[in-house]
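Take a look at the structure set out below.
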Amino acid sequence: MTKKPLGGYAPRQHQHQPVALYPPYRTSVKRSPQAAPLSFPTTISEESGPVFGHSLIGPLDADLLHNFGPQDVSAIGPRIVVHGRVQDQFGRPVAGALIEVWQANAGGRYRHAREGYVAPLDPNFGGCGRMITDENGCYEFRTVQPGPYPWPNGPNDWRPAHIHFSIFGHGFAQRLITQMYFEGDPLIPLCPIVRTIHDKAAVDRLIAPLDMSRTLPMDARAYRFDVTLRGRRQTIFENRMEGL
Amino acid sequence: MDTHPESASQTAGPYVHIGCTPNFAGITGVYDVDLGATMITGDASGKRITLIGQVFDGTGTPLRDAMVEAWQADANGLYAGQEGADPHFTGFGRCPCDAEDGTFRFETLRPASVPWPSGGVQAPHITLWIVARGINIGLHTRAYFADAPENESDPVLGRIEHRNRVATLLAHPESDDIYRFNVTLQGPDETIFFDV
Ligand SMILES: [Fe+2]
């Protein structure tokens, strides 16, 4: 498909990324590296990555409404479709990308041993799903809209409603974990985790708009969340740095 | 030319296990097995080793909620997906740290050297990627083998300005086939993390 040989991955642009140390997010204080990281051009170790075939994906993996509870019983809460496209920074679709998602239930409660929120578990909701992007880099899954939840940080911090995303591109250099937020949520600008990203446009790109064109009438609303991964340069020459 | 900025990372949070290792988190019946639980899937060639370690925060406390991923070449220096790579080795492992003492563990193969883009080779290494609550963007590093003579000429280790920090990238043998690689997130023994 590609005509010219691909070079290494373009260096990460840190101005679009969160800072490691952000004291209002208290756990970052003792978990943030302080020394400068080591840079070098990507090698086969970063340009290769695990490949996951469509055979990995079970029939209900992308249907969080139904992949945990008894057969034909839906999870409780507002039904939504989340869809979007995974592309690289040069606009090329990333086909075959494994996406894993996890989230709280509609009440804001996670199914996890260390979760202490008083909101109840939904017996029909596990909270995980996965899918692989198609040849155009597109993906889609069904779930319930998660609720906001309080968390132990400041005396009264609430996470905006969000879905966690883990994405594998083609090279390990593209590995990314992020969170999708929902358009219109007033908690977004208040959240210390969101505020670890100092570039407002970068935050806005994590906010999924309502997408009426993909809404399923009388069934589910739709939200669109596009993801951009790092990309490889088109030519090997740009990446050749002598003496490294 | 960049036309689209990379999406911003956000922390994996305390519940990363729900999405990445649901069986470990007690959410059974959704996926048969957790992704990356097995790196050796058959009669793979090469020396079997176990890579273990812990991830320590700036107070010296091991993280009990981190997740570590490993990506490495096989015993012939080939990555899964490359022509001739060992069909019984995935090269990819994923391990949730132990809920009590924070230990991670990979049952794997000792990798061979792999090429360096402008010629020569890189010493055997295992790429590690660490995510957890409080880590806003996944941390990328490498475990080299302290007993590997190839380290002498490794181009990455050779670039490290503060030579006393090279040791933070070395996995040390605890026995013939167990190597320990501890990660320190912050402080005087801080592991070298990569911007690559
Ligand atoms: Fe969350």
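The values are calculated or read from the model by the stated rules, or taken from the named source; none is laboratory data. Being a predicted model, the structure only gives us computed values, none of them experimental. In this analysis, Cβ positions are derived from the backbone assuming ideal geometry, glycine residues included, and neighbour counts consider all displayed protein chains. Surface areas here come from the heavy atoms of the whole protein model, side chains and all, with no ligands, DNA or RNA. Shrake-Rupley method; radii C 1.70, N 1.55, O 1.52, S 1.80 Å.
Before moving on, here are some points about what is shown:
- The residue list A:TYR25, A:VAL118, A:PHE90 was ranked by how far each Cα lies along the charge dipole of the range A:1-145 toward its positive end, using unit charges on Cβ atoms, and A:TYR25 comes out on top.
- Each principal axis of the range A:10-99 carries a Cα extent, and these read 52, 36, 22 Å when sorted largest first.
- Once you reduce the range A:85-147 and the range B:158-196 to the center of their Cα atoms, the two points are 34 Å from each other.
- Helix-only CD estimate at 222 nm, as mean residue ellipticity for chain B, using -39500 (n - 2.57) per DSSP H run (n ≥ 4): -500 deg cm²/dmol
- Relative contact order %, chain A, counting alpha carbon pairs below 8 Å whose residues are six or more apart: 28 percent
- Across peptide A:47-57, the mean count of Cβ atoms from other chains lying within 10 Å of each residue's own Cβ comes to 4.
- Largest-first principal axis extents of the Cα set of the range A:61-211 (Å): 44, 42, 29
- Ordering of B:7-13, A:214-220, A:36-42 by packing is B:7-13, A:36-42, A:214-220, highest average first (other Cβ atoms within 10 Å, averaged per residue).
- Other protein chain C-beta atoms within 10 Å of residue C-beta, averaged over B:153-161: 2.
- A protection proxy built from the mean count of other Cβ atoms within 10 Å ranks the segments B:157-168, A:72-83, most packed first, as A:72-83, B:157-168.
- Alpha-carbon centroid distance for the pair the range B:22-49 / the range A:11-54, whole angstrom: 25 Å
- Heavy-atom SASA rank of A:PHE168, A:PHE52, A:PHE90 (probe 1.4 Å, accessible area, largest first): A:PHE90, A:PHE52, A:PHE168
- Principal axis extents of the Cα atoms in the range B:58-122, from largest to smallest and rounded to whole angstrom, are 41, 28, 16.
- Our helix-only sum for chain A, with -39,500 (n - 2.57) per DSSP H run of n ≥ 4 divided by its residues, gives a mean residue ellipticity at 222 nm of -500 deg cm²/dmol.
- Inter-label distance, nm, simple model (7 Å from Cα along the C-beta direction), A:ASN136/B:ASP176: 5.7 nm
- Ranked from largest to smallest solvent-accessible area, with a 1.4 Å probe on the protein heavy atoms, B:LYS47, A:LYS200 come out as A:LYS200, B:LYS47.
- Each Cα pair under 8 Å and six or more residues apart adds its sequence gap; the mean of these over the residue count of the range A:1-83 is a relative contact order of 19 percent.
- Averaged over the residues of peptide A:207-220, the number of Cβ atoms from other protein chains lying within 10 Å of each residue's Cβ is 0.
- The mean sequence separation of alpha-carbon pairs under 8 Å and at least six residues apart, normalised by the residue count of chain B, gives a relative contact order of 23 percent.
- Dipole of the range A:1-107 computed with +1 at Lys/Arg Cβ and -1 at Asp/Glu Cβ about the Cα centre; of A:PRO59, A:ALA36, A:ILE99, farthest Cα towards the positive end is A:ALA36.
- For the protein assembly as shown, convex hull of alpha carbons as volume per residue, Å³: 145 Å³
- Surface/4 of the Cα convex hull for chain B, nm²: 13.3 nm²
- Most fluctuating residue given options A:SER166, A:SER213, A:SER48, as computed from a GNM of chain A linking Cα atoms under 10 Å: A:SER213
- Overall, the range A:36-110 carries a charge dipole of about 240 debye about its Cα centre when +1 sits on the Cβ of Lys and Arg and -1 on the Cβ of Asp and Glu, all other atoms neutral.
- A Stokes-Einstein calculation at 37 °C with viscosity 0.692 mPa s, built on the Kirkwood radius of the range B:41-153 over Cα pairs, returns a diffusion coefficient of 218 µm²/s.
- Between the residues B:GLY158, B:ILE137, B:GLY120, the greatest Cα displacement towards the positive end of the dipole of the range B:112-195, with unit charges on the Cβ of Lys, Arg, Asp and Glu, is found for B:ILE137.
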